[in-house]
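The values are calculated or read from the model by the stated rules, or taken from the named source; none is laboratory data. Owing to the predicted nature of the structure, the values given are computational and were not obtained by experimental measurement. Ideal geometry is used to build each Cβ from the backbone, glycine not excepted, and the neighbour counts take in all protein chains shown. Ligands, DNA and RNA are excluded from the accessible area calculation, which covers all protein heavy atoms including side chains. Shrake-Rupley method; radii C 1.70, N 1.55, O 1.52, S 1.80 Å.
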Amino acid sequence: MNTPLIELRDIRKAYGGGDSPRVEVLRGIDLSIHAGEFLAIVGASGSGKSTLMNILGCLDRPTRGEYRFAGEDVAGLGSDELAWLRREAFGFVFQGYHLIPSGTAQENVEMPAIYAGTSAAERHARASALLDRLGLASRTGNRPHQLSGGQQQRVSIARALMNGGHIILADEPTGALDSQSGTEVMALLDELASQGHVVILITHDREVAARAKRIIEIRDGLIISDSASALPHDGRANPKALQAVDLRQRLSAGSEHNGAWKGELVDAVQAAWRVMWINRFRTALTLLGIVIGVASVVVMLAVGEGSKRQVMAQMGAFGSNIIYLNGSAPAPRAAKGIISEYDLAALADLPEVQRIMPVNGAEASVRFGNLDHTSYVGGNDTNFPTIFNWPVAEGSYFTDADERGAAAVAVIGHKVRQKLLKDVSDPIGRYILIENMPFQVVGVLAEKGASSGDSDADNRVAIPYSAASVRLFGTRHPEYVVIAARDAGKVKEAEQAVSRTLLRLHNRKQDFELTNNAAMIQAEARTQGTLSLMLGAIAAISLLVGGIGVMNIMLMTVRERTREIGIRMATGARQRDILRQFLTEAVMLSVVGGLAGIGLALLVGGALLLGKIAVAFEWLAVFGAFGCALVTGVVFGFMPARKAARLDPVAALTSE
Ligand code: ADP
Ligand code: MG
């Protein structure tokens, strides 16, 4: 006598207990099923047929009793092994078809193969062949709601056969069908049985049951008759019958499947996308948190970076090695200190100092023809173009000879040229009046386009230091002194050396002041740092809100698709497959949200650029914000996904 494929001994199933009344649904079922059998389980509604089928199909565990599958005690198998068994050995056909509504016929049929790790090409081919065989070749792309009941049931039979379907468990397969379709489905099951599939048919209809070779009658959780109990079963009756040994070998070979993750991932992404698309309005609303969060962070960082770069460029435009020296009052009512020629000579000798240039200047009125303009007029030497890195655009700079002779010559800034000599094609050689003194224009400075403080650098006239002293201001003392440090990286040291020298020369009196561009840039960087911190806080809050949105929508999805989860489990999905699927959906949500956020940020950035606001997008900020959105998806999607994965297959299947 060979081992039965399925052997039940004293199987009992009770529901309830605790606060709800305890019901014994199965009260001691003994049943052996051999390979190649076609049997019907009949009984009145409520007699426990579906409960028995769920136990047979390893969707549910009995409360008590022993279930041996191919000689193996099922009670000892873990949830992954049970999933493997459902995937490889069983194929379910339900009264309500239980197709996934968002998938096409083809996709529904392919699903069990995805969990089995079958390659895409093989999957497609097999699903098409099965659908073709069941007369649905022209319906592969239809969704369940576009199919008749009979067609849906044939799709679900094809799905049951996808991984082989050695044992077909059909629970009232014709219950919801008209008699014509019902007859067709029964003929199909008949055919499968004759091909060697074990068919276990559950029905309350005796006429339907009559097609089976063996009829088992169940009442109130007990088998009251079994047509085969008299004659011992012969396992060799059908040569094509599945050999129990075969499955047992495969069972002991382990339930790990190979290379399935790729197919599953593609399937999960497709499914996720479809669900998002179906609920696009709801999805868009929920994603608003992430979109706005990502966009605002990216835009604000870009604006911050843009203004920072602008400031840096402006300060750097005058050389980051520049130190400014001013006379200042050491005490509130004391006189302002004066930088003498003697001081300048001493400072010029310092090894840390590369160049030194005193400037004697002030705001002055400048006139050309009948046009008047106020601009900064500075007397300085010929170091000016080098020390400020500021060449002339037209004409030339004044010379050392001009300096020695206190010549009345001027080099005008871009702004002055624009204001006073706009209509003059060649300003070189023209005379302008500075404080009513005539000066001849010898050159025009290139446009600097930068400002220091609130004065526009291009609104400037440069004249020889001697001319400024003698002709305009009547004093030989500099207004300020520009010192270029030899090493741009050691501005601080140069400043200290200058300070020490001056303190010594001024009898320890701090009647001067030193500032430098590098220090200003640093101060700017500090402000930026504070700003970044604030942005970080905004980012964290908006991502938190976005994350809660993702969690909310995922919880909703799991609730709405509980039935689908049950179907997936019945076709062999393991807990981790379900977990992965819903996690993929959560991540997809945040990826879409993140991308939309970046898109929005680019749009806003573009608009700001058009409004002449400095914007500089940094890859790091863009990727960082996107990465945060992604992490949010994983973190907030995990709880709902785990909830889905831990659902009980039967409870999920029978949920509304
Ligand atoms: P059948 O398929 O033969 O119509 P079922 O196996 O579906 O019957 O149900 C048998 C009995 O078990 C019914 O009386 C039903 O109320 C009860 N039952 C089924 N599932 C549950 C459950 N989850 N909790 C409590 N009672 C249940
Ligand atoms: Mg039932």
Self-check item: Count of segment 325-339 residues which are in a loop (DSSP other than H, G, I, E, B) and either under 24 Å from residue 355 (Cα atoms) or touching a strand residue (DSSP E or B) at 6+ places or on another chain (Cβ under 6 Å) (or both)
Solution: 5
Quiz item: If you take just the strands (runs of 3 or more DSSP E) that sit entirely in segment 379-458, which of them hold at least 1 residues that are in contact with a helix residue (DSSP H, G or I) (Cβ under 6 Å, 6 or more places away or on another chain) and touching a residue at least 12 places away in the same chain (Cβ under 8 Å)?
Solution: 409-412, 437-445
Self-check item: Any chance residue 66 is closer than 18 Å to residue 5 by Cβ and away from ligand 1 (no atom under 16 Å from the Cβ)
Solution: yes
Exercise. Tell me, yes or no, whether segment 169-189 has at least one residue that is open to solvent by less than 10 Å² (accessible area, probe 1.4 Å) and under 39 Å from the mean Cα position of the chain (by Cα).
Key: no
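Would you list the strands (runs of 3 or more DSSP E) that sit entirely within segment 2-79 and hold 1 or more residues that are open to solvent by 30 Å² or more (accessible area, probe 1.4 Å) and touching a residue at least 60 places away in the same chain (Cβ under 8 Å)?
6-17, 20-33, 64-69
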Quiz item: If we scan segment 122-134, do we find a residue that is buried (at least 17 other Cβ atoms within 10 Å of the Cβ) and either in the same structural domain as residue 566 (by TED's automatic domain parsing) or within 29 Å of residue 32 (Cα to Cα) (or both)?
Solution: no
Quiz prompt | Some residue of segment 195-205 being more than 44 Å from the chain's Cα centre (by Cα), surrounded by fewer than 20 Cβ atoms within 10 Å (Cβ to Cβ) and away from ligand 2 (no atom under 16 Å from the Cβ) | solution = yes
Quiz item: Quick one: in segment 569-584, which of the residues that are open to solvent by less than 10 Å² (accessible area, probe 1.4 Å) and assigned to a helix (DSSP H, G or I) is nearest to residue 57 (Cα to Cα)?
Solution: 570
Practice problem: Would you check if there is a residue in segment 73-95 being modelled with pLDDT under 90, within 16 Å of ligand 2 (Cβ to nearest atom) and in contact with a Gly (Cβ under 9 Å, 6 or more places away or on another chain)? | Solution: yes
Self-check item: Residue match in segment 597-615 (condition: touching a Leu at 6+ places or on another chain (Cβ under 7 Å), at pLDDT below 90, open to solvent by 10 Å² or more (accessible area, probe 1.4 Å) and not small (Gly, Ala, Ser))
Solution: yes
Quiz item: Out of curiosity, is residue 130 assigned to a helix (DSSP H, G or I) and either touching a residue at least 24 places away in the same chain (Cβ under 8 Å) or hydroxyl-bearing (Ser, Thr, Tyr) (or both)?
Solution: yes
Quiz item: Would a scan of segment 83-97 turn up a residue that is farther than 25 Å from residue 226 by Cα and assigned to a loop (DSSP other than H, G, I, E, B)?
Solution: yes
